Amino acid sequence: MKKVGLREKNKEDKLLRIKDAALSLFLSKGFDDTTTREIASHAGVGMGTVFVYAETKRDLLFLIVNDGLEACILEARSTIRVENSLLRNLLIILRRHYQYFAENPVLSRAALREMYFYQSGKQAERFNRTRHALRHLLIDLISDAMEQRAIVSHEAPELIAQAVFAIYQVDLRIWLSEDDLDIDRGTDRLRRQIEIVLTGLSPQASALTL
């Protein structure tokens, strides 16, 4: 039993060193200018050990980012309240993500760029599972609001949630490209866009002609 415990402790120690090395180098040199070999050397492990956890440099990036994204989901779930409005709960969830991405803008900008078409790699499944959890959290909130008749739409909750998620994804990138990452200003702009989805634009028939 002691040998198993020691082996597991050694694995955890190596994983932590790899994460710390990757974070340090990504922040000091930038994601593009850092190599996987440099990370392994900085962590004091062999390349084979790195490949146990990450197949590529992008995998190493998400080895770090996945921890934060999973924490965002857990914190958001514990913070939303039944008595809150739909808009308030949506903003609680999404604001928490803005806060996370603002903690390390350099790392976050690289992560947002690398998210596109991230389907393969040791950390890809974990990342996509977390993104799936975020979307389903939005769907659940919208479904509940529709059941309570707080909002009414002939569209499915999944499609409405996708519209909100798309706004969040695009506006997060616009906001993160700014020099001054003011979370209040950023989430207020996000709020106004989500309100457009929730209130609609009262279109005349002429505005919907194809």
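The values are calculated or read from the model by the stated rules, or taken from the named source; none is laboratory data. Bear in mind the structure is a predicted one, so any value in this text is a computation, not a measurement. Please note: Cβ atoms are built from the backbone with ideal geometry, for glycine as well, and neighbour counts cover all protein chains shown.
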Given the conditions (1) more than 25 Å from Asp140 (Cβ to Cβ); (2) surrounded by 19 or more Cβ atoms within 10 Å (Cβ to Cβ), which single one is not true for Asp33?
(2)
Among the candidates Glu178, Glu158, single out the residue that is loosely packed, with under 13 Cβ neighbours inside 10 Å and of a type outside the set (Lys, Arg).
Glu178
Thr187 passes all but one of (1) surrounded by fewer than 16 Cβ atoms within 10 Å (Cβ to Cβ); (2) touching a residue at least 60 places away in the same chain (Cβ under 8 Å); (3) within 16 Å of the chain's Cα centre (by Cα); which number fails?
(1)
One residue from Ser143, Ser153 being outside any helix (DSSP H, G or I), of a type outside the set (A, V, I, L, M), more than 14 Å from the chain's Cα centre (by Cα) and surrounded by fewer than 18 Cβ atoms within 10 Å (Cβ to Cβ)
Ser153
When residues of segment 67-91 are limited to those that are in contact with a Ser or Thr (Cβ under 8 Å, 6 or more places away or on another chain) and surrounded by 18 or more Cβ atoms within 10 Å (Cβ to Cβ), the one nearest to Ala110 (Cα to Cα)
Leu69
Note: among Tyr118, Tyr98, just one is in a helix (DSSP H, G or I), buried (at least 17 other Cβ atoms within 10 Å of the Cβ), under 17 Å from the mean Cα position of the chain (by Cα) and assigned by TED's automatic domain parsing to the domain that holds Glu195, namely Tyr98
Condition met for Arg7 (at pLDDT 95 or above, surrounded by fewer than 17 Cβ atoms within 10 Å (Cβ to Cβ) and either more than 20 Å from Arg129 (Cα to Cα) or in the same structural domain as Gln148 (by TED's automatic domain parsing) (or both))
no
The listed residue being at negative phi and touching a helix residue (DSSP H, G or I) at 6+ places or on another chain (Cβ under 6 Å), out of Lys9, Lys29, Lys57:
Lys57
Look through Glu158, Glu125 and report the one residue that is over 20 Å from Glu75 (Cβ atoms), in the same structural domain as Ile174 (by TED's automatic domain parsing) and under 15 Å from the mean Cα position of the chain (by Cα).
Glu125
Can you find a residue that is among the hydroxyl-bearing types (Ser, Thr, Tyr), outside any loop (DSSP other than H, G, I, E, B) and at pLDDT below 95 anywhere in segment 56-69?
no
Residues Phe26, Phe31: which one is in a loop (DSSP other than H, G, I, E, B), under 19 Å from the mean Cα position of the chain (by Cα) and more than 30 Å from Leu198 (Cα to Cα)?
Phe31
